[in-house]
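So the structure is just underneath, and the comments pick up after that.
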Amino acid sequence: MNQTTFNLDLAPLTSALQDTPLAAWAEALPQTLALRLAPDSHGDLPAWLAAIDALPHIRARQIDLNAPCIRIGAPDEINADTREQIEAALRQLHPWRKGPFDVFGIHIDTEWRSDWKWDRIVRHLAPLAGRRVLDVGSGNGYFALRMIGAGAALVVAIDPMRLFLMQFEALRRFHDTGRACVLPLGIEDFPERSETFDTVFSMGVLYHRRSPLDHLYQLREALRPGGELVLETLVIPGGTGQVLVPEGRYARMRNVWFIPTVAELERWLARCGLRDIRCVDESPTTLEEQRSTDWMQFESLARSLDPADPTRTVEGYPAPRRAVLIARRP
Ligand SMILES: Nc1ncnc2c1ncn2[C@@H]1O[C@H](C[S@+](CC[C@H]([NH3+])C(=O)[O-])CC(=O)[O-])[C@@H](O)[C@H]1O
(Lines give C-alpha, C1' and ligand atoms only; values in the text may rest on other atoms or scores of the structure.)
Protein backbone atom coordinates (compact mmCIF):
# COMPACT_ATOMS: atom_id res chain seq x y z
CA MET A 1 0.00 0.00 0.00
CA ASN A 2 1.18 3.49 -0.79
CA GLN A 3 1.04 4.93 2.70
CA THR A 4 1.78 8.48 1.63
CA THR A 5 -1.32 9.00 -0.42
CA PHE A 6 -3.15 6.10 1.17
CA ASN A 7 -4.63 5.22 -2.22
CA LEU A 8 -7.35 7.82 -1.81
CA ASP A 9 -8.99 7.83 -5.19
CA LEU A 10 -9.61 11.51 -5.76
CA ALA A 11 -10.29 11.28 -9.50
CA PRO A 12 -14.12 11.24 -9.21
CA LEU A 13 -14.00 14.26 -6.91
CA THR A 14 -11.62 16.23 -9.12
CA SER A 15 -13.76 15.49 -12.13
CA ALA A 16 -17.02 16.40 -10.36
CA LEU A 17 -15.57 19.74 -9.27
CA GLN A 18 -13.72 20.66 -12.45
CA ASP A 19 -16.17 23.36 -13.55
CA THR A 20 -16.57 24.90 -10.11
CA PRO A 21 -14.61 27.46 -8.08
CA LEU A 22 -13.18 24.44 -6.20
CA ALA A 23 -11.37 23.05 -9.26
CA ALA A 24 -7.90 24.32 -8.28
CA TRP A 25 -8.39 23.27 -4.66
CA ALA A 26 -9.39 19.76 -5.76
CA GLU A 27 -6.35 19.55 -8.10
CA ALA A 28 -4.07 20.35 -5.14
CA LEU A 29 -5.66 17.81 -2.80
CA PRO A 30 -3.12 15.01 -3.36
CA GLN A 31 -0.34 17.26 -2.01
CA THR A 32 -2.49 18.54 0.86
CA LEU A 33 -3.47 15.02 1.89
CA ALA A 34 0.02 13.59 1.51
CA LEU A 35 1.05 15.77 4.44
CA ARG A 36 -2.07 14.99 6.45
CA LEU A 37 -1.66 11.26 5.93
CA ALA A 38 2.13 10.98 6.18
CA PRO A 39 2.98 7.76 8.07
CA ASP A 40 4.45 9.70 11.01
CA SER A 41 1.58 12.21 11.18
CA HIS A 42 -0.36 10.20 13.79
CA GLY A 43 0.90 7.49 16.15
CA ASP A 44 -1.96 5.11 15.37
CA LEU A 45 -1.92 5.56 11.62
CA PRO A 46 0.33 2.54 10.85
CA ALA A 47 -1.96 0.24 12.88
CA TRP A 48 -5.06 1.61 11.16
CA LEU A 49 -3.49 1.17 7.74
CA ALA A 50 -2.51 -2.37 8.66
CA ALA A 51 -6.12 -3.08 9.67
CA ILE A 52 -7.37 -1.86 6.30
CA ASP A 53 -4.67 -3.86 4.56
CA ALA A 54 -5.90 -6.98 6.38
CA LEU A 55 -9.35 -6.65 4.77
CA PRO A 56 -10.03 -8.94 1.83
CA HIS A 57 -10.65 -7.38 -1.59
CA ILE A 58 -14.29 -8.24 -2.09
CA ARG A 59 -17.09 -6.31 -3.73
CA ALA A 60 -20.40 -6.54 -1.90
CA ARG A 61 -23.31 -7.52 -4.11
CA GLN A 62 -26.15 -6.37 -1.90
CA ILE A 63 -25.86 -2.77 -0.77
CA ASP A 64 -28.47 -0.54 0.83
CA LEU A 65 -27.32 2.97 1.70
CA ASN A 66 -30.89 4.05 2.23
CA ALA A 67 -31.52 1.78 5.21
CA PRO A 68 -31.27 3.04 8.82
CA CYS A 69 -28.60 0.38 9.38
CA ILE A 70 -26.48 0.86 6.26
CA ARG A 71 -26.06 -2.53 4.63
CA ILE A 72 -22.90 -3.44 2.76
CA GLY A 73 -23.00 -7.08 1.69
CA ALA A 74 -25.22 -9.93 2.85
CA PRO A 75 -24.08 -12.75 5.18
CA ASP A 76 -24.27 -15.39 2.43
CA GLU A 77 -21.77 -13.53 0.23
CA ILE A 78 -18.78 -14.67 2.34
CA ASN A 79 -17.75 -17.68 4.42
CA ALA A 80 -17.22 -17.81 8.18
CA ASP A 81 -13.42 -17.40 7.97
CA THR A 82 -13.68 -14.30 5.83
CA ARG A 83 -16.30 -12.87 8.18
CA GLU A 84 -13.96 -13.39 11.12
CA GLN A 85 -11.12 -11.75 9.21
CA ILE A 86 -13.26 -8.71 8.35
CA GLU A 87 -14.67 -8.34 11.85
CA ALA A 88 -11.20 -8.52 13.46
CA ALA A 89 -9.88 -5.81 11.12
CA LEU A 90 -12.90 -3.52 11.60
CA ARG A 91 -12.56 -3.85 15.38
CA GLN A 92 -9.00 -2.53 15.09
CA LEU A 93 -10.62 0.75 14.05
CA HIS A 94 -12.37 1.18 17.45
CA PRO A 95 -14.10 3.43 18.52
CA TRP A 96 -16.98 3.37 16.04
CA ARG A 97 -19.11 6.40 16.92
CA LYS A 98 -21.47 6.99 13.99
CA GLY A 99 -23.65 4.33 12.41
CA PRO A 100 -25.07 1.66 12.56
CA PHE A 101 -23.70 -0.50 9.75
CA ASP A 102 -24.22 -4.10 8.75
CA VAL A 103 -21.23 -5.47 6.85
CA PHE A 104 -21.83 -8.97 5.45
CA GLY A 105 -23.93 -9.66 8.57
CA ILE A 106 -21.43 -8.11 11.02
CA HIS A 107 -23.53 -5.64 12.97
CA ILE A 108 -21.51 -2.54 13.89
CA ASP A 109 -23.47 -1.20 16.85
CA THR A 110 -22.05 2.32 17.06
CA GLU A 111 -22.11 4.76 19.97
CA TRP A 112 -24.74 6.86 18.22
CA ARG A 113 -27.99 5.84 16.61
CA SER A 114 -27.21 8.27 13.82
CA ASP A 115 -30.20 6.91 11.93
CA TRP A 116 -32.45 8.59 14.51
CA LYS A 117 -30.86 11.96 13.80
CA TRP A 118 -31.19 11.40 10.05
CA ASP A 119 -34.90 10.54 10.49
CA ARG A 120 -35.46 13.81 12.32
CA ILE A 121 -33.79 15.77 9.53
CA VAL A 122 -34.31 14.16 6.13
CA ARG A 123 -38.03 14.81 5.73
CA HIS A 124 -37.49 18.57 6.09
CA LEU A 125 -34.81 18.87 3.40
CA ALA A 126 -35.08 19.95 -0.18
CA PRO A 127 -34.82 16.50 -1.84
CA LEU A 128 -31.13 15.55 -2.15
CA ALA A 129 -31.52 13.86 -5.54
CA GLY A 130 -28.96 15.24 -7.97
CA ARG A 131 -27.53 17.71 -5.45
CA ARG A 132 -23.94 18.54 -4.63
CA VAL A 133 -23.50 18.31 -0.87
CA LEU A 134 -20.86 19.38 1.65
CA ASP A 135 -20.92 17.68 5.08
CA VAL A 136 -18.71 19.51 7.58
CA GLY A 137 -17.64 17.40 10.58
CA SER A 138 -18.82 14.25 8.87
CA GLY A 139 -17.41 11.65 11.26
CA ASN A 140 -16.93 8.34 9.42
CA GLY A 141 -19.26 9.25 6.58
CA TYR A 142 -22.40 7.51 7.84
CA PHE A 143 -24.50 10.54 6.86
CA ALA A 144 -22.59 11.00 3.59
CA LEU A 145 -23.61 7.47 2.61
CA ARG A 146 -27.21 8.12 3.62
CA MET A 147 -27.11 11.25 1.42
CA ILE A 148 -25.89 9.15 -1.52
CA GLY A 149 -28.67 6.69 -0.66
CA ALA A 150 -31.08 9.61 -0.98
CA GLY A 151 -29.75 10.32 -4.48
CA ALA A 152 -27.14 13.07 -3.96
CA ALA A 153 -24.88 13.49 -7.01
CA LEU A 154 -21.77 14.20 -4.94
CA VAL A 155 -20.99 14.38 -1.21
CA VAL A 156 -17.78 16.03 -0.04
CA ALA A 157 -17.42 15.10 3.63
CA ILE A 158 -14.68 16.68 5.73
CA ASP A 159 -13.50 15.73 9.20
CA PRO A 160 -10.03 16.26 10.67
CA MET A 161 -10.05 12.99 12.67
CA ARG A 162 -8.13 10.52 10.58
CA LEU A 163 -9.62 7.48 12.30
CA PHE A 164 -12.99 8.39 10.78
CA LEU A 165 -11.46 8.50 7.31
CA MET A 166 -10.00 5.04 8.01
CA GLN A 167 -13.44 3.69 8.91
CA PHE A 168 -14.92 5.17 5.74
CA GLU A 169 -12.09 3.72 3.65
CA ALA A 170 -12.40 0.31 5.33
CA LEU A 171 -16.05 0.13 4.26
CA ARG A 172 -15.18 1.48 0.82
CA ARG A 173 -13.13 -1.66 0.32
CA PHE A 174 -16.45 -3.47 -0.22
CA HIS A 175 -18.50 -0.89 -2.12
CA ASP A 176 -17.89 2.36 -3.92
CA THR A 177 -20.37 4.66 -5.52
CA GLY A 178 -17.55 7.08 -6.44
CA ARG A 179 -19.94 9.86 -5.40
CA ALA A 180 -18.92 10.30 -1.74
CA CYS A 181 -15.54 11.02 -0.25
CA VAL A 182 -14.37 11.72 3.29
CA LEU A 183 -11.38 14.05 3.44
CA PRO A 184 -9.22 14.40 6.57
CA LEU A 185 -9.64 18.17 6.72
CA GLY A 186 -11.16 20.69 9.09
CA ILE A 187 -13.40 23.53 7.95
CA GLU A 188 -10.38 25.81 8.41
CA ASP A 189 -8.65 23.88 5.60
CA PHE A 190 -11.54 24.46 3.25
CA PRO A 191 -11.66 27.40 0.80
CA GLU A 192 -13.37 30.42 2.37
CA ARG A 193 -15.67 31.09 -0.55
CA SER A 194 -16.67 28.34 -2.93
CA GLU A 195 -20.39 28.97 -3.63
CA THR A 196 -20.49 25.43 -5.01
CA PHE A 197 -22.85 23.32 -2.95
CA ASP A 198 -26.62 22.92 -3.19
CA THR A 199 -26.83 21.70 0.42
CA VAL A 200 -24.34 22.21 3.25
CA PHE A 201 -24.59 20.25 6.50
CA SER A 202 -22.91 21.21 9.76
CA MET A 203 -24.04 18.76 12.43
CA GLY A 204 -22.48 18.64 15.88
CA VAL A 205 -19.75 21.14 14.96
CA LEU A 206 -20.90 24.69 15.84
CA TYR A 207 -20.37 24.30 19.60
CA HIS A 208 -16.80 23.20 18.94
CA ARG A 209 -16.02 26.47 17.16
CA ARG A 210 -14.56 29.40 19.09
CA SER A 211 -15.99 31.83 16.53
CA PRO A 212 -19.45 30.45 15.79
CA LEU A 213 -20.53 33.34 13.56
CA ASP A 214 -17.44 32.93 11.41
CA HIS A 215 -18.39 29.26 11.10
CA LEU A 216 -21.92 30.13 9.95
CA TYR A 217 -20.56 32.71 7.55
CA GLN A 218 -18.17 30.19 6.03
CA LEU A 219 -20.97 27.63 5.65
CA ARG A 220 -23.04 30.28 3.86
CA GLU A 221 -20.16 31.03 1.51
CA ALA A 222 -19.90 27.36 0.54
CA LEU A 223 -23.51 27.46 -0.72
CA ARG A 224 -24.55 28.52 -4.17
CA PRO A 225 -27.22 31.24 -4.11
CA GLY A 226 -30.51 29.54 -3.28
CA GLY A 227 -28.70 26.62 -1.59
CA GLU A 228 -29.78 25.13 1.72
CA LEU A 229 -27.93 25.07 5.04
CA VAL A 230 -28.68 22.35 7.59
CA LEU A 231 -27.36 23.20 11.02
CA GLU A 232 -27.57 20.82 13.95
CA THR A 233 -26.11 21.84 17.27
CA LEU A 234 -26.49 21.85 21.04
CA VAL A 235 -28.98 24.38 22.40
CA ILE A 236 -30.26 25.49 25.80
CA PRO A 237 -33.87 26.34 26.65
CA GLY A 238 -34.69 30.07 26.67
CA GLY A 239 -35.19 33.11 24.46
CA THR A 240 -33.28 35.65 22.39
CA GLY A 241 -30.02 36.93 23.84
CA GLN A 242 -29.23 33.82 25.88
CA VAL A 243 -26.09 31.77 25.32
CA LEU A 244 -24.28 29.31 27.58
CA VAL A 245 -20.50 29.60 27.53
CA PRO A 246 -19.39 26.77 29.84
CA GLU A 247 -16.79 27.73 32.39
CA GLY A 248 -14.79 24.57 31.72
CA ARG A 249 -16.13 21.31 30.42
CA TYR A 250 -19.66 20.70 29.23
CA ALA A 251 -20.93 17.11 29.62
CA ARG A 252 -17.26 16.19 30.17
CA MET A 253 -16.32 17.59 26.75
CA ARG A 254 -13.38 19.95 26.78
CA ASN A 255 -13.83 21.98 23.62
CA VAL A 256 -17.35 23.36 23.92
CA TRP A 257 -17.62 27.12 23.49
CA PHE A 258 -21.09 28.47 22.67
CA ILE A 259 -24.49 26.85 23.30
CA PRO A 260 -27.24 29.31 22.33
CA THR A 261 -31.01 29.10 22.53
CA VAL A 262 -32.89 28.37 19.31
CA ALA A 263 -34.10 31.99 19.16
CA GLU A 264 -30.54 33.26 19.46
CA LEU A 265 -29.29 30.82 16.85
CA GLU A 266 -31.96 32.06 14.46
CA ARG A 267 -30.66 35.57 14.99
CA TRP A 268 -27.06 34.46 14.30
CA LEU A 269 -28.16 32.83 11.05
CA ALA A 270 -30.03 35.96 9.99
CA ARG A 271 -27.01 38.15 10.80
CA CYS A 272 -24.93 35.89 8.56
CA GLY A 273 -27.27 36.62 5.68
CA LEU A 274 -29.33 33.44 5.69
CA ARG A 275 -33.07 33.55 5.05
CA ASP A 276 -36.20 31.38 5.45
CA ILE A 277 -34.79 30.17 8.75
CA ARG A 278 -36.80 27.44 10.46
CA CYS A 279 -36.16 25.20 13.42
CA VAL A 280 -37.49 21.79 12.35
CA ASP A 281 -36.57 19.79 15.43
CA GLU A 282 -35.49 20.22 19.01
CA SER A 283 -34.88 17.07 21.05
CA PRO A 284 -33.03 16.07 24.20
CA THR A 285 -30.28 13.51 23.56
CA THR A 286 -31.34 10.27 25.21
CA LEU A 287 -29.31 7.45 26.73
CA GLU A 288 -30.76 5.19 24.03
CA GLU A 289 -29.44 7.41 21.23
CA GLN A 290 -25.87 7.86 22.57
CA ARG A 291 -24.37 5.04 24.60
CA SER A 292 -21.33 2.79 25.02
CA THR A 293 -21.49 -0.39 22.94
CA ASP A 294 -19.31 -3.31 22.06
CA TRP A 295 -17.94 -1.21 19.16
CA MET A 296 -17.45 1.96 21.29
CA GLN A 297 -16.23 0.83 24.65
CA PHE A 298 -15.28 4.23 26.06
CA GLU A 299 -17.55 6.21 28.38
CA SER A 300 -20.58 7.82 26.77
CA LEU A 301 -23.46 10.15 27.64
CA ALA A 302 -24.57 8.28 30.79
CA ARG A 303 -21.33 9.23 32.54
CA SER A 304 -21.80 12.90 31.56
CA LEU A 305 -25.12 13.37 33.33
CA ASP A 306 -25.69 14.03 37.03
CA PRO A 307 -26.78 10.62 38.47
CA ALA A 308 -29.10 12.40 40.92
CA ASP A 309 -30.67 14.62 38.23
CA PRO A 310 -30.29 13.48 34.62
CA THR A 311 -31.72 16.79 33.36
CA ARG A 312 -28.31 18.27 34.32
CA THR A 313 -24.78 17.53 33.17
CA VAL A 314 -22.19 16.52 35.78
CA GLU A 315 -21.07 20.17 35.71
CA GLY A 316 -24.61 21.36 36.56
CA TYR A 317 -25.55 22.69 33.11
CA PRO A 318 -28.76 21.79 31.25
CA ALA A 319 -28.40 18.25 29.80
CA PRO A 320 -27.65 18.00 26.07
CA ARG A 321 -30.48 18.91 23.74
CA ARG A 322 -30.00 19.49 20.05
CA ALA A 323 -31.82 21.56 17.49
CA VAL A 324 -31.93 21.30 13.70
CA LEU A 325 -32.26 24.55 11.80
CA ILE A 326 -32.65 24.87 8.05
CA ALA A 327 -32.00 28.11 6.18
CA ARG A 328 -31.51 29.33 2.63
CA ARG A 329 -28.82 31.44 1.09
CA PRO A 330 -30.62 34.18 -0.86
N1 LIG B 1 -12.59 22.19 12.65
C2 LIG B 1 -13.37 21.18 12.31
N3 LIG B 1 -13.78 21.05 11.04
C4 LIG B 1 -14.56 20.00 10.67
N5 LIG B 1 -14.95 19.03 11.54
C6 LIG B 1 -14.56 19.14 12.81
C7 LIG B 1 -13.77 20.20 13.26
N8 LIG B 1 -13.52 20.03 14.60
C9 LIG B 1 -14.14 18.89 14.95
N10 LIG B 1 -14.75 18.34 13.87
C11 LIG B 1 -15.47 17.08 13.80
O12 LIG B 1 -16.81 17.31 14.06
C13 LIG B 1 -17.40 16.10 14.49
C14 LIG B 1 -18.32 16.40 15.64
S15 LIG B 1 -19.36 15.02 16.06
C16 LIG B 1 -20.62 15.13 14.85
C17 LIG B 1 -20.48 14.12 13.76
C18 LIG B 1 -21.64 14.08 12.79
N19 LIG B 1 -21.71 15.29 11.96
C20 LIG B 1 -22.92 13.92 13.51
O21 LIG B 1 -23.77 14.81 13.47
O22 LIG B 1 -23.10 12.87 14.14
C23 LIG B 1 -20.11 15.64 17.49
C24 LIG B 1 -21.26 14.83 17.89
O25 LIG B 1 -21.06 13.68 18.33
O26 LIG B 1 -22.42 15.29 17.69
C27 LIG B 1 -16.27 15.18 14.92
O28 LIG B 1 -16.22 14.09 14.05
C29 LIG B 1 -15.05 16.06 14.85
O30 LIG B 1 -13.88 15.35 14.47
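Tabulated data for the structure shown
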| read-out | value |
| --- | --- |
| Relative counts (whole %) of C-alpha pair distances in the stretch 216-272, using bins that are 5 Å wide | 4, 18, 22, 21, 17, 12, 4, 2 |
| Residue-normalised accessible area of the stretch 48-153, given per residue in Å² at a 1.4 Å probe | 39 |
| Backbone N within the stretch 309-324 under 18 Å of label point (7 Å from Thr286 Cα along the Cβ vector) | 310-312, 319-324 |
| Ellipsoid semi-axes in whole angstrom, largest first, where each is sqrt(5λ) of the Cα gyration tensor of the stretch 78-235 | 28, 16, 14 |
| Point-to-point label distance, Arg120-Ser41, nm (Cα→Cβ direction, 7 Å offset) | 3.3 |
| R0 of 56 Å, Cβ-Cβ distance Arg312-Thr32: FRET efficiency to nearest 0.05 | 0.85 |
| Length gained when the stretch Gln85-Glu195 is fully extended (0.36 nm per residue, less Cα-Cα span) | 35.2 nm |
| Three principal axis lengths of the stretch 262-304 [C-alpha, angstrom, descending] | 44, 17, 16 |
| Antiparallel bridges, percent of DSSP beta bridges restricted to the stretch 95-167 (to nearest 5) | 40 |
| Taking the chain and dividing mean pair separation by its residue count, relative contact order in percent (alpha carbons under 8 Å, at least six apart) | 15 |
| Surface/4 of the Cα convex hull for the chain, nm² | 16.2 |
| Residue order for Asp276, Asp159, Asp19, Asp306 - accessible surface, 1.4 angstrom probe, largest first | Asp19, Asp276, Asp306, Asp159 |
| Highest-MSF residue in the chain out of Leu206, Leu17, Leu154 [GNM, Cα springs under 10 Å] | Leu17 |
| Cβ-defined net charge surrounding Ala319, 10 Å radius [Lys, Arg +1; Asp, Glu -1] | 0 |
| GNM flexibility winner over the chain from Ala157, Ala144, Ala54 (Cα, springs under 10 Å) | Ala54 |
| Approximate spin-label separation Glu188-Ala54, in nm, with each point projected 7 Å along Cα-to-Cβ | 3.4 |
| Cα extents of the stretch 4-156 along the three principal axes, largest first (Å) | 48, 43, 27 |
| Listed residues His215, His42, His94, most fluctuating in the chain (Gaussian network, C-alpha, under 10 Å) | His42 |
| Cα point-scatterer Debye curve for the stretch 147-242, base-10 log of I(q)/I(0) at q = 0.15, 0.25 Å⁻¹ | -0.70, -1.45 |
| Separation in nanometres of the label points that stand 7 Å from Cα toward Cβ, at Arg303 and Arg321 | 2.7 |
| Long-range HN-HN contacts of Ile63 with modeled amide H, under 5 Å | Gly73 |
| Share, in percent, of DSSP beta bridges within the chain that are antiparallel, nearest 5 | 55 |
| Two-decimal Rg to Rh for the stretch 89-150 - Kirkwood Rh, Cα set | 0.99 |
| Segment Ala24-Asp176, extension gain: residue separation times 0.36 nm, minus the distance between their alpha carbons | 52.3 nm |
| Expected-Rg normalisation [2.2 N^0.38 Å, Cα atoms] applied to the stretch 32-121 | 1.23 |
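The values are calculated or read from the model by the stated rules, or taken from the named source; none is laboratory data. These numbers were taken from a predicted model, which means no experiment stands behind them. With ideal geometry, Cβ positions are generated from the backbone for all residues, glycine too; neighbour counts draw on all protein chains shown. Only protein heavy atoms, including side chains, enter the accessible area calculation; ligands, DNA and RNA are left aside. Shrake-Rupley method; radii C 1.70, N 1.55, O 1.52, S 1.80 Å.
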